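Student: Quick one: this structure, given as structure tokens, is what I'll be asking you about.
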Amino acid sequence: MGRRAAGSGVGSELLKRRSALSFERAMAPKVGTVVLLFADDCDAALVSALVNMTFGYETKLLRRRTLGESFDILLTQPSDLIILGEMLPPNVNATNSLRMLAPALGMAPVLVVSAHGDLGSISQRMAAGAAAVISRDNLAGADFAEAVSRCLRPRVPLAAE
């Protein structure tokens, strides 16, 4: 029976991902308030758990389920990060939600958790104002932490020509 190369296999892959998550958490800025805009309870519960794992339990989580409730909370509650689900009633996808909520978003970056991971959908959401987009299928800890990290990096304005 042949020997396996060191550092190969499922166990080493899990250790790499855990290391990446630990590094992202250590490097993540302190976040006081995260606003979750999700109609779906399961998605909201999963993202809440990921936020707590990434930032710790001292982070204040506020959740709204509809476009109207979302607009109200964004106007009244300053936030460090906004995480938007794919659909907000009344039947508005994330791209349209971003456009409708734009006046209330302020300076907080928006992470979209999308049901669609194709390049076209991601491009549409980024063009509508998302700082990052992650597919619902890729919500593993390290992937989520990396997406949040991208959202919270200082944005460099494009030079005017």
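Student: If the chain between A102 and E58 were fully stretched, how many nm would it gain, using 0.36 nm times the residue separation less the Cα-Cα distance? List each step's numbers first, then the result.
Tutor: Working: separation 44, 0.36 × 44 = 15.84 nm, distance 2.75 nm.
Here the segment from A102 to E58 would lengthen by 13.1 nm.
Student: Same structure, new question: Mind listing the long-range amide H neighbours of L81? Cut-off is under 5 Å, sequence gap 5 or more, other chains count too, H placed in the peptide plane at 1.01 Å from N.
Tutor: So L81 has HN proximity to T33, V35.
Student: Can I ask one more? With every protein chain left in place, what is the accessible area of M53 in Å² (1.4 Å probe, nearest 10)?
Tutor: 90
Student: Could you tell me what fraction of 2.2 N^0.38 Å the Cα radius of gyration of the stretch 65-161 comes to, as a two-decimal ratio?
Tutor: Details: Rg = 13.3 Å, N = 97, 2.2 N^0.38 = 12.5 Å.
Working it through for the stretch 65-161, the quotient is 1.06.
Student: Separate question: Amide H to amide H, which residues 5 or more places from V133 or on other chains are under 5 Å from it, using H placed in the peptide plane?
Tutor: The answer is V112.
The values are calculated or read from the model by the stated rules, or taken from the named source; none is laboratory data. What you see is a predicted model; the values in this text were computed from it and never measured. Remember, those area values only see protein heavy atoms, side chains included, never the ligands or the DNA or RNA. Shrake-Rupley method; radii C 1.70, N 1.55, O 1.52, S 1.80 Å.
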